Structure formats: structure tokens, C-alpha cells
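To start, the structure itself, in C-alpha cells.
The values are calculated or read from the model by the stated rules, or taken from the named source; none is laboratory data. If you're wondering where the values come from, they're calculated on a predicted model, not measured in any experiment. Neighbour counts run over all protein chains shown; Cβ positions are idealised from the backbone, glycine included. The protein model used for the area step is the full one, side chains on, heavy atoms only, and it has no ligands, DNA or RNA in it. Shrake-Rupley method; radii C 1.70, N 1.55, O 1.52, S 1.80 Å.
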Amino acid sequence: MGWTVLLLWAVAAGAMIWLGYVYILESPAPLPSRAFPDIASTGVVTAPGGHAYRYVAAPNISWAAARAAAARMTHQGRHGYLATIGSEAEFRFVLDKVFRGERSDVTYLGGRQTARGEWRWVTGPEGAMDGGKGQIFWTGDQKGAAAQGLYANWMFTAFQHGGKWDAGRVCCVTLFSYRLPQFSTSLGTGDPDEGVAGYLVEFGD
């Protein structure tokens with residue numbers, strides 16, 4: 001009688017373990033979370049050269065909506081625009097003084113791919129260059145090159161080939177902090193999979 005009870009107990013325990021295993025396999029996967037904790041909007045920070053910057057938290061906003069929102073802002077009589085980053089010194093200032101060392105999730109900048117492999121700053125004073133097409137600062141993909149005298153700091157996965165974020169489908173320049181804060185690319189639609197956290201506004205001439 002004792003052996004029968006023990007055998008039944010073992011069979012029941014095994015069944016419970018199996019059901020738990022099946023439940024884990026068939027349960028829906030958890031939704032992806034942002035790569036970094038959300039950063040609150042900052043105040044306006046003025047750089048030594050006179051330009052000023054502000055990060056605005058706006059989860060899952062589209063690039064077009066961010067551009068329009070930035071253009072409605074003013075600071076000391078200067079209109080805002082999605083930030084353009086033309087030098088390493090400007091890049092370091094933004095990271096150290098605006099974000100104050102915090103790591104940002106996907107943050108829109110004022111750059112776009114205006115033709116395949118043609119990346120331009122299309123906002124602010126740079127946006128008026130080249131007949132209104134914007135200032136070209138990078139040509140090509142990961143094997144491309146920066147325009148003479150201009151700055152570009154792309155992360156190694158910025159230009160993908162195939163899939164959802166193929167280099168031919170992405171449109172917009174972002175700041176993203178995977179491993180190290182660098183430039184990256186985005187669909188610009190506010191797709192939740194991209195983890196867009198907000199946008200960087202620049203106030204200048």
C-alpha cells in the first residue's frame with residue numbers, strides 16, 4: 001500500500017511540473033521595456049558660444065511632431081529647432097551639461113536621410129543651406145564619410161541591412177546611449193519598438 005501511494009504522489013508531482021513548464025512556454029512574452037530609465041525634461045542650458053539647449057521628454061513622439069514642437073519654442077527671443085551637432089565639443093557639451101551624464105534612450109536630433117546615403121542637418125540655420133535642402137554632414141552608410149570639417153559619431157548598429165530598420169527605411173538622426181552615447185537612426189514614426197524618449201531642442205541664430 002505504501003509503494004502505491006508513493007508512486008501516485010510521484011506521478012502527480014511530475015504532472016504538476018509538466019503543466020508548469022507548458023504554462024511558461026505558452027505564456028505571452030513580456031512587453032519590451034525602455035533601454036534606459038526615463039529622463040525628465042530639463043531646463044535650458046546655455047553653451048559658451050551662445051547657443052542654448054533643452055531636452056524635452058516625449059515618449060513615442062514622431063520626428064515630425066518633435067520638429068514642429070521644437071519650432072514653437074523660444075528662449076530669450078531665439079526660436080527653437082531640433083538640435084544639430086556640428087562638432088565634438090558641441091556633442092560633449094550636450095552630454096555633460098544638458099543630460100548631465102545621464103544615459104538617454106532614443107532622442108531625436110535635427111538630421112534626416114534626404115536621399116539614400118545622404119544625411120543632412122535639416123533644421124535651424126543648417127537647414128537653410130544648399131538651397132534649403134540642408135547641410136550634408138555624412139554620405140554613405142557605416143563605410144561612409146563625414147563632410148569636411150563636420151562631425152559624425154555613429155554607433156556600430158546605426159546602419160542595418162535588411163529587416164525593420166534597414167538603412168533604406170530609416171529617416172532620422174537620433175542620439176542613443178547603447179554602450180556609449182552616439183548617433184543612430186530611426187524610422188521617425190514613434191514606433192514603440194524604438195523606445196523614443198524625447199527630443200533635443202537648440203536655440204540659436
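Couple of notes before you dig in:
- Hits in segment 193-205 (condition: surrounded by 15 or more Cβ atoms within 10 Å (Cβ to Cβ) and not in a strand (DSSP E or B)): GLU194, GLY195, GLY204
- Cβ-Cβ under 6 Å pairs, at least 6 apart or on other chains, segment 91-115 side within 19 Å of TYR151 (Cα to Cα) and among the basic types (Lys, Arg), far side outside any strand (DSSP E or B) and open to solvent by 10 Å² or more (accessible area, probe 1.4 Å): ARG112/VAL122; ARG112/CYS171
- Enumeration of residues in segment 74-92 that are surrounded by 12 or more Cβ atoms within 10 Å (Cβ to Cβ) and in contact with a strand residue (DSSP E or B) (Cβ under 8 Å, 6 or more places away or on another chain): HIS75, ARG78, HIS79, GLY80, TYR81, LEU82, ALA83, THR84, ILE85, GLY86
- Scan of segment 23-64 for residues that are open to solvent by less than 60 Å² (accessible area, probe 1.4 Å) and at pLDDT below 55, ordered by number: SER27
- Test: residue in segment 97-107 that is polar (S, T, N, Q) and open to solvent by 10 Å² or more (accessible area, probe 1.4 Å): no
- Residue count for segment 42-72, restricted to those that are touching a His at 6+ places or on another chain (Cβ under 8 Å) and over 21 Å from CYS172 (Cα atoms): 2
- The one condition from (1) at pLDDT below 95; (2) farther than 19 Å from THR107 by Cα that TRP165 does not meet is (2).
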